[in-house]
Amino acid sequence: MKENSLAPITSNSLCQELKIFGSEEVDLSLNINNISYSLKLEPRVTLLDALREKLGLMGTKKACDRGECGACTILVNGRRINSCMTLAVMHINAEITTIEGLAQDGKLHPMQTAFITHDAFQCGYCTSGQIVSAVGMILEELPKSEAEIREKMSGNLCRCGAYPNIIAAIRDVLEEMEDAAI
């Protein structure tokens with residue numbers, strides 16, 4: 001039987017750990033909204049901070065900074081994630097889409113238009129995360145009922161309580177789609 005033993009923590013082993021997770025910046029490239037960005041970041045920088053502080057993409061909001069509110073929702077390879085909960089270095093070679101990347105050729109994405117039409121925001125702080133999450137939800141799997149929309153959007157909080165209008169905006173987009181059950 002193999003024995004497992006724990007090595008004592010010494011100042012030398014702690015220094016080795018610090019080298020692994022050192023603060024030296026690393027060169028990396030991120031593909032965001034179909035544009036390749038070359039960056040120099042510390043490995044501990046979140047994707048949210050890279051977007052906002054290094055690239056000036058301020059549409060993705062920083063609110064709770066611990067994955068509870070969904071204001072920082074972005075799409076990575078078409079799937080929704082909370083950008084405050086992931087490191088930028090983990091997304092090299094990924095397709096990252098932020099709220100700024102949804103509009104094409106100066107024309108708003110249908111979900112953005114529906115949010116405006118249905119007045120689906122009040123203070124607007126959660127709106128970019130709500131819109132990106134709604135687009136991601138549709139890309140992942142079409143919801144079959146209003147209850148399913150509510151469940152799939154439950155990771156995005158709105159302190160103002162604009163939920164009825166948010167649901168109406170999403171339903172509006174779904175009703176325009178051929179395969180939507182709603």
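The values are calculated or read from the model by the stated rules, or taken from the named source; none is laboratory data. None of these values were measured; they are calculated from a predicted model. Positions of Cβ are generated from backbone atoms using ideal geometry, with glycine treated the same way; all protein chains shown enter the neighbour counts. Accessible surface areas use protein heavy atoms only, side chains included; no ligands, DNA or RNA. Shrake-Rupley method; radii C 1.70, N 1.55, O 1.52, S 1.80 Å.
Numbers at a glance
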item	result
Table column - 3J(HN,Hα) (Hz), segment 66-74, Karplus curve with 6.51, -1.76, 1.60, x for Gly and Pro	8, x, 9, 9, x, 5, 9, 4, 9
On Cα atoms only, tilt of 163-176 relative to the major axis of the chain in degrees	70 degrees
Ellipsoid equivalent to segment 18-123 - semi-axes via the Cα gyration tensor, in Å	27, 16, 10
Dipole of the chain, positive end: most advanced residue of Asn77, Thr60, Ser133 [Cβ charges, Cα centre]	Thr60
Segment 31-133, dipole about Cα centre (Lys/Arg Cβ +1, Asp/Glu Cβ -1), debye to the nearest 20	160 debye
Residues of type aspartates and glutamates that Lys62 reaches as a straight line, Cα spacing below 12 Å, ignoring anything fewer than 8 places off in the same chain	Asp49, Glu53
Percent accessible area from carbon and sulfur atoms, segment 80-152, protein chains only, probe 1.4 Å	56 percent
Hydrodynamic radius of segment 88-148 per Kirkwood, over alpha carbon pairs, in Å	13.2 Å
GluC sites (Glu not before Pro) restricted to DSSP loop in segment 86-172 with at most 14 other C-beta within 10 Å	Glu141
Fraction of beta bridges assigned by DSSP in the chain that are antiparallel (%, nearest 5)	90 percent
Solvent accessible area, Å² - Val89, 1.4 Å probe, full protein context	50 Å²
Mean accessible surface per residue for the chain, computed with a 1.4 Å probe while every protein chain stays in place, in Å²	60 Å²
Quotient of C-alpha Rg and 2.2 N^0.38 Å, computed over the chain	1.25
Other-chain or far-sequence residues with amide H under 5 Å of Cys69's (modelled H)	Cys64
Per DSSP, loop trypsin sites (Lys or Arg not before Pro) in segment 115-166 with at most 10 further Cβ within 10 Å	none
Signed unit charges on C-beta, dipole axis of segment 80-165, positive-most listed residue Phe115, Thr86, Ala162	Ala162
